[in-house]
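First the structure, in the form of structure tokens, and then the observations on it.
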Amino acid sequence: MKHLLSFILFFTFIITNAQSSTDYYEFFTQGICVSGNCENGFGIKKYQDGTIYIGNWWNEIPGGQGTIIWGDGTIYVGNFNDGKYHGDGTFMTREQFYIGEFRNDIANGKGTFFLENGVYFGDFEDGLFDGKGYFLDRDGKIEEGNFKKGNIIGDIIYRTEDYIRRQ
């Protein structure tokens, strides 16, 4: 329970740190195309804040496969739709690492989140835990629970080599 609750607080940070400009067109049409076709094709574009996008463009907006390295060092590698993280992708900051499914910039579907003290894998809906989730800590202990809209529902099952406990 302790690990899952810490994870909930930590995961909130990934969602609030994701670049979420309300006007993707305005942001992505700024900058300088340094290579390729940054309108409809494959190209590399640099921005004044240090952001770099490398990948497919559709009507001057990232669409399809690409990589964005934000000015603060945050990196996303994966699929884009209308300039937003959408489909399978990997999101990385200095402190966090998430691999999974996205919809409109938010974790949705199956995902794995790597933390300093372990790994969480499970289901997400609108950036919240929703469905079954597991936390594996560095000592090999597993915590298993069910979530609805970010809240733990029912019991949490703790598993080690020696025992299984429901709480």
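So for the range 124-131 (the condition being more than 29 Å from Tyr24 (Cα to Cα), in contact with an Asp or Glu (Cβ under 8 Å, 6 or more places away or on another chain) and touching a residue at least 12 places away in the same chain (Cβ under 8 Å)), does at least one residue qualify?
Looking for residues that are more than 29 Å from Tyr24 (Cα to Cα), in contact with an Asp or Glu (Cβ under 8 Å, 6 or more places away or on another chain) and touching a residue at least 12 places away in the same chain (Cβ under 8 Å), one finds at least one in the range 124-131, hence yes.
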*Give the residues of the range 1-48 that are at pLDDT below 80 and of a type in the set (Asp, Glu), sorted by residue number.*
Asp23
*Considering the range 30-42 alone, what residues qualify as being farther than 14 Å from Ile69 by Cα, touching a residue at least 12 places away in the same chain (Cβ under 8 Å) and of a type in the set (Gly, Ala, Ser)?*
Gly41
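Tell me which residues, restricted to the range 142-161, are farther than 17 Å from Asn117 by Cβ, among the aliphatic types (A, V, I, L, M) and in contact with a helix residue (DSSP H, G or I) (Cβ under 9 Å, 6 or more places away or on another chain). Show your work before the answer.
Initially, the range 142-161 is screened for residues farther than 17 Å from Asn117 by Cβ, giving 146-155, 157, 161.
Next, only the ones that are among the aliphatic types (A, V, I, L, M) stay: 152-153, 157.
Of everything in the range 142-161, just one residue is farther than 17 Å from Asn117 by Cβ, among the aliphatic types (A, V, I, L, M) and in contact with a helix residue (DSSP H, G or I) (Cβ under 9 Å, 6 or more places away or on another chain), namely Ile152.
Being over 30 Å from Arg166 (Cα atoms) and at pLDDT 95 or above narrows it down to one residue among Asp88, Asp105, Asp82; which is it?
On the way: Asp105 fails: at pLDDT 95 or above; Asp82 fails: at pLDDT 95 or above.
None of the others qualify; the one that does is Asp88.
The values are calculated or read from the model by the stated rules, or taken from the named source; none is laboratory data. All values derive from a computational prediction rather than experimental measurement. All Cβ positions, even for glycine, are placed from backbone atoms using ideal geometry, and neighbour counts span all protein chains on display.
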